[in-house]
Structure formats: structure tokens, C-alpha cells
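Take a look at the structure below.
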Amino acid sequence: MEHSDGETAAKRAKLSASGSEDLLSALSDDVLIHILLKLRNTAVAARTSVLSSRWRRLWALLPGLDFLPDINPYSVPAVLAAHQAPALRSLRILATDASADFMAAWLPIAARRLSGDLFFINTVSPDDEAGDRGAFELPCFENATSITLHLGFLGIAVPASAISSRLTDLRLNSFQVQGPCLLGDVVSSAWSPCLQRLTINDARGIDKFTIRSESLLQLKLKDLDGLQQLTVVAPKLKELSVILLLCSESTYC
């Protein structure tokens, strides 16, 4: 039922005069945090701070953060730095035409804070996919368990170290490898001892890919432009999918 502005104002005045606190704000922090999580929009959750001092900074205790494309992308590092929850269990970022500089600004902060899942999608126009979109270094995520990156053909420099020793799921989509390709080493057991599922789609700059994993159960490769040699040593592997490897001379072992 709709109420007029006058009726709403009258009710607010009555509430203020009685000195009573609204019932929603009287709920426990855990319940309010659960409500804010249901919004799946960190910007909207943060705006609840204006409701009362009871809500102020409550968003910073959320175990999961969600950034939608309409948010100012350069606010992401500041929000991550202000996050106060004991652990960041999930981080979801949906971006449009994100740059390598943007990735470099927030990824290192997320890598230190995240102890769960990272989901990132960078949507770009088809005309922008072919050009040089810059590159950033993929940091070491100390405690991440699942990472999904749709990069819109940004370039990545693969570190000569583990992405995460606890990582079980890794999905890399639409990216270009810059510099020496160490991706096979990074996802092998020596650096990723817990990795069970690996998906690589629409990758450029990988001419040889060798993975040796004692834990890998599922491997999906699609459209690895320029791949010439593929070696998979994975005794526990249950599912292998290799589709449309775009190369003229290939060797598979």
C-alpha cells in the first residue's frame, strides 16, 4: 500500500518524538550483515551508513564484497583497504573496459586479504580485443581457494612463484601472456599442490604448456592461440577437454 509523503513524515516524527529505535536497527550485527550480503552490491550496502550511526561502517564487516559495472572502478582499492572483517571470503568484480593499471591497483590488496573465492569479469567491445591493452603481474594469493578471471585480453605476467598454495579451482579467460610463459610451472604440483580444476580459454602467447599435477581432476583448454606442444602428467585426471587449438604444427604428449 502506498503512503503519501505527509503520512511518512508524520510517522517519522512520531518515532523521533517517542525516542524509540527502529526495529531493523535493533537487530544484531550478524543479522544486519546477512541482510546486506543479500544485496550483492557493496556500493548500495555502504550507502546504508546514512540511515543511522548503528549502520555506520557495518558494510566494512561483510565477508563478501560485490562491485558492479556502474561503480567508480578506482574506488575498489579504497574499499578493499577499508575492509575490516576478519576474513574476506568472496570478492566479485564486474568491470567494463578495465585497464591493466586498474588491475594492478586492487589485485595486490585482494591477494593479501582474500581467503576464499575471486570472480572477475572485464567486458570489452570486440573492436578492443585485438589491440595492446597493457599488462599487469598476477600476484600471489596467499589463501585464495578459487580464482576466476575473464580479462578482456589484458596482458598478464605470470609470477615465478605459487598463485596460491591452497588453490583448488583456477579459470583464466581471454588473456595474453607477457614475457616468459611460466603458467605450466605455476599450476603444477610444486606450486599448486591442491589444484583440482583448471580451465584456460582464449589465451594468447602460450606456445608450450606442460603441467605435472598429482591433484588435478579436471583440465579444460580451449582456443589457445599458437600452442604447439601440450604435455599433461596427471595420474588422478578424470576429465580432459581440448578444443580448437589454433596452431598449424602441434605435438600432444
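Readers should treat all values here as calculations from the given coordinates under stated rules, not as data from a laboratory. None of these values were measured; they are calculated from a predicted model. So basically every Cβ, Gly included, is an ideal-geometry build from the backbone, and we count neighbours across all protein chains shown.
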Checklist entry - Within a Cβ distance under 12 Å of Pro193, other residues only, what is the Lys/Arg minus Asp/Glu net charge? => result +1
Checklist entry - Hey, what did the stretch 110-180 get for relative contact order, percent, Cα under 8 Å, at least 6 apart? => result 34 percent
Checklist entry - What percentage of all Cα-Cα pairs in the stretch 150-195 are separated by more than 16 Å? => result 40 percent
Checklist entry - Distance in nm between label sites at Lys220 and Arg89, each 7 Å beyond Cα in the beta-carbon direction? => result 2.5 nm
Next on the checklist: Over the stretch 152-253, what is the relative contact order in percent, taking alpha-carbon pairs closer than 8 angstrom and at least six residues apart?
Outcome noted: 22 percent
Item to check | Neighbour net charge for Lys236 - beta-carbon separation under 14 angstrom, K R +1, D E -1 | outcome: +1
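Below 8 Å between Cα atoms, with a sequence gap of 6+, how large is the relative contact order for the stretch 69-159 in percent?
Working: 152 pairs, mean separation 27.7, N = 91.
Taking the mean separation of contacting Cα pairs over the length of the stretch 69-159, I get 30 percent.
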Next on the checklist: Under the rule a/c < 1.5 gives rounded, and otherwise a/b versus b/c splits prolate from oblate, where does the stretch 88-226 land using the Cα gyration tensor?
Outcome noted: oblate
Next on the checklist: Give me a comma-separated list of calculated 3J(HN,Hα) values for the stretch 237-242, in order, Karplus coefficients 6.51, -1.76, 1.60 applied at θ = phi - 60°, integers in Hz, x for any Gly or Pro.
Outcome noted: 4, 10, 9, 10, 10, 10
Checklist entry - For the pair Asp30 and Ile243, how long in nm is the line joining their label points, each one 7 Å along Cα→Cβ? => result 4.4 nm
Checklist entry - So for the stretch 178-249, what are the equivalent ellipsoid semi-axes in whole Å, largest first, each being the square root of 5 times an eigenvalue of the Cα gyration tensor? => result 20, 14, 9
